[in-house]
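Report on the following structure.
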Amino acid sequence: MLPHPTLSARYATPEAKPEYVNGLFDRGAQHYDAIVDWGFLRSGGAYRRWTLQRHGLLAGDDFLDVACGTGLVAVEAARLLGSAQNITCLDPSAGMLAVARSKLPAHFVQGRAENIPLADHAFDFLSMGYALRHVTSLEATFREFHRVLRPGGKLLILEVTKPPGRVPAWFFQLYFGRVYPFFARLFTRSAAAGDMMRYYWETMDACVPPSAVLGALQAAGFTAVKRDTALGLFSEYSAVKA
């Protein structure tokens, strides 16, 4: 299952998506942290740390951050764990990984969520922060998540989800579809940064409903599958490997 239909204005086929997305994030990587910081009212770090803690990240856990981007989730995990010694960061974008490497002494691997180049049963906790829309297959991704987790291992996927209802959806579109990309380009003076944020909106707008994500997690063999929400916008998908 695709997380959203092919965006033909961006790439021609599902097979072309990874190369397109990598290029997009490589070009915008240097601006990503600043854009996310002000775009979410400087609350992102505290929210990530609070969410990891609520969902059971514990000292001593071997932690895998899939689609780590610039390391925003991994940095908060390191604060909870006390060090980055047990943290592995995976991302397909060399540009994003370069920024993440400057922040913490974790183990970094270039690769995709659908084919994780790491051993079976290697991690106690796996996170993916705001990147599920960028994979090419929910089934393949969740099978890989299940494979690399140890029995009893925990999964946490963070996403931004378009709210139901015409009025909330209108405000969501106004902010993420127009205001956010405009100011991203204005403040960074980077067309690549603005384009990256426009692409974010396009994927959020077209994304499959939460029920499809929950169903795919269950089909991959996860238990205790659930979705929590914050402010009606932020989805926290969690599950456990039995």
Most mobile listed residue (228, 91, 33) in the chain, GNM with C-alpha springs under 10 Å: 228
Counting pairs on different chains as well as pairs 8 or more places apart, how many Lys pairs in the chain have Cα atoms under 24 Å apart? 5
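For residue 212, what is the net charge nearby, where nearby means another residue's Cβ is under 13 Å from its Cβ and Lys, Arg count +1, Asp, Glu -1?
Numbers: positive: 133, 227; negative: 139, 159.
That works out to 0.
Can you sort 121, 146 by how many other beta carbons sit within 10 Å, fewest first? Intermediate results must be reported in sequence, preceding the final value.
Values: 121 11, 146 19.
Fewest to most other Cβ atoms nearby, the residues stand as 121, 146.
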Spin-label point model (7 Å from Cα, Cβ direction): what's the residue 143 to residue 231 distance in nm? 3.7
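Of the beta bridges DSSP finds with both residues in the chain, what % are antiparallel, to the nearest 5? If you can, show how the numbers build up before the last one.
Values: 15 of 33 bridges.
Antiparallel bridges: around 45 percent, rounded to the nearest 5.
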Please identify the cysteines of the chain that lack any partner cysteine with a Cβ under 4.7 Å from their own Cβ. 207
For peptides 69-75, 154-160, 6-12, 203-209, sequence by mean Cβ density within 10 Å, most packed first: 69-75, 154-160, 203-209, 6-12
Tell me, how many Å apart are the Cα centres for region 60-74 and for region 158-235? 20
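Bear in mind that the values in this text are calculations on the coordinates, not laboratory data. Remember, it's a predicted structure, so these values are computed and weren't measured experimentally. Every residue, glycine as well, gets a Cβ built from its backbone with ideal geometry; the counts of neighbours run over all protein chains shown.
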